[in-house]
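My questions all concern the structure below.
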């Protein structure tokens, strides 16, 4: 990692304990960090949102979703919420709010893998804004 100019955080990194993820990210220092989908946007494989369509920063998302900024950073690195260069749209805001509700019931690794699987299986770009979470007991009784 010492010679890298850019670090791409893969979805499988979400399976590590949060303190290990935080330690690895701290070792990255000042090097830019990108999620897998962030790299695909940089390479032009998937489209980028117009800059004017990204009015929110991480602190805005954190405040409105009721999450710590560090959690919003992890949600973005694992493509649970999507943005571009630290800027986010309304869809990401909605996803962060849903993520907060889901993180009360499941851990970050489970949420990251579920979002990735929904993206692959259902062909949706933003899985969380496409669904609404319910308390686990309510979902099981339906």
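Limited to the range 70-94, what total is found for residues that are surrounded by fewer than 17 Cβ atoms within 10 Å (Cβ to Cβ) and more than 18 Å from residue 34 (Cβ to Cβ)?
Going through the range 70-94 one residue at a time, the tally reaches 1.
Checking the condition farther than 12 Å from residue 87 by Cβ and in contact with a strand residue (DSSP E or B) (Cβ under 8 Å, 6 or more places away or on another chain), which residue from 67, 39 passes?
Only one candidate qualifies: 39.
Among what's in the range 18-34 and is within 12 Å of residue 85 (Cα to Cα) and in contact with a strand residue (DSSP E or B) (Cβ under 6 Å, 6 or more places away or on another chain), pick the residue that is surrounded by the fewest Cβ atoms within 10 Å (Cβ to Cβ).
33
Do we find a residue being under 18 Å from residue 128 (Cβ atoms), part of a helix (DSSP H, G or I) and touching a strand residue (DSSP E or B) at 6+ places or on another chain (Cβ under 9 Å) anywhere in the range 76-83?
yes
Among the residues of the range 47-75 satisfying the criterion of being assigned to a loop (DSSP other than H, G, I, E, B), without any contact (Cβ under 8 Å) to a residue 12 or more places away in the chain and more than 15 Å from residue 103 (Cα to Cα), which is farthest from the chain's Cα centre (by Cα)? Step through it out loud before you land on a result.
Of the residues in the range 47-75, the ones assigned to a loop (DSSP other than H, G, I, E, B) are 47-50, 54-55, 66-68.
Now drop any that are not without any contact (Cβ under 8 Å) to a residue 12 or more places away in the chain, which leaves 47, 50, 68.
When the remaining residues are screened for being more than 15 Å from residue 103 (Cα to Cα), the result is 47, 50.
On the way: 47: 17, 50: 19 Å.
Ranking the qualifying residues of the range 47-75, first place goes to 50.
Is it the case, given these coordinates, that residue 131 is buried (at least 18 other Cβ atoms within 10 Å of the Cβ) and either at pLDDT 90 or above or out of contact with any strand residue (DSSP E or B) (no Cβ under 7 Å at 6 or more places or on another chain) (or both)?
no
The values are calculated or read from the model by the stated rules, or taken from the named source; none is laboratory data. Computed from a predicted model, the values in this text were never measured in an experiment. Cβ coordinates were reconstructed from backbone atoms using ideal geometry, including for glycine residues, and neighbour counts include every protein chain displayed.
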